[in-house]
1. For the range 37-49, what does the Karplus curve 6.51 cos²θ - 1.76 cosθ + 1.60, with θ = phi - 60°, yield as ³J(HN,Hα) per residue in whole Hz, taken in order and with x for Gly and Pro?
2. Taking Cα atoms, how many degrees apart are the long axis of helix 4-25 and the longest axis of the chain, rounded to 10 and kept between 0 and 90?
3. Along the positive direction of the dipole of the chain (beta-carbon charges: Lys, Arg +1; Asp, Glu -1; about the Cα centre), which of GLN39, VAL28, ALA2 reaches farthest?
4. Can you give me the accessible area per residue for the chain, using a 1.4 Å probe, in Å²?
5. Which one, [x] 27, 13, 6; [y] 29, 10, 6; [z] 27, 15, 11, gives semi-axes √(5λ) of the Cα gyration tensor in Å as derived from the coordinates shown?
6. Can you give the helix-only mean residue ellipticity at 222 nm for the chain, where every DSSP H stretch with n ≥ 4 adds -39500 (n - 2.57) and the sum goes over all residues, rounded to the nearest 500 deg cm²/dmol?
7. Considering only protein heavy atoms and a probe of 1.4 Å, how much of the accessible area of the chain is carbon and sulfur, as a whole percent?
Amino acid sequence: MATKQQIQQCITDCTNTANMLRTATNGVPKAGIRDMLTQGAVHIEMCIRQCEHATEHVQ
């Protein structure tokens, strides 16, 4: 089972990844691809919220 510290590190890594994805999205000329990349960042952020919730239940 993951510790609170491990979950927090995962949250940090995922936050960095979502931010990098959003930054990279800005340089993509095609709107459809930008939308897909943005959706990817949103999904990562949803996972982050779930991890934050999990940290409330880890001892």
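The values are calculated or read from the model by the stated rules, or taken from the named source; none is laboratory data. What you are looking at is a predicted structure, and each value in this text was computed from that prediction instead of being measured. Methodologically, a virtual Cβ is constructed for each residue, glycine included, from the backbone with ideal geometry; neighbour enumeration extends over all protein chains shown. The protein model used for the area step is the full one, side chains on, heavy atoms only, and it has no ligands, DNA or RNA in it. Shrake-Rupley method; radii C 1.70, N 1.55, O 1.52, S 1.80 Å.
1. Coupling constants for the range 37-49: 5, 5, 4, x, 5, 5, 5, 4, 5, 5, 5, 4, 4 Hz.
2. Roughly 10 degrees between the two axes.
3. VAL28
4. Each residue of the chain exposes 76 Å² on average to a 1.4 Å probe.
5. Calculated semi-axes √(5λ) of the Cα gyration tensor in Å: the matching label is [y].
6. Values: 2 runs with 47 residues, N = 59.
Roughly -28000 deg cm²/dmol at 222 nm, from the helical runs in the chain.
7. Answer for the chain is 58 percent, counting heavy atoms of protein chains only.
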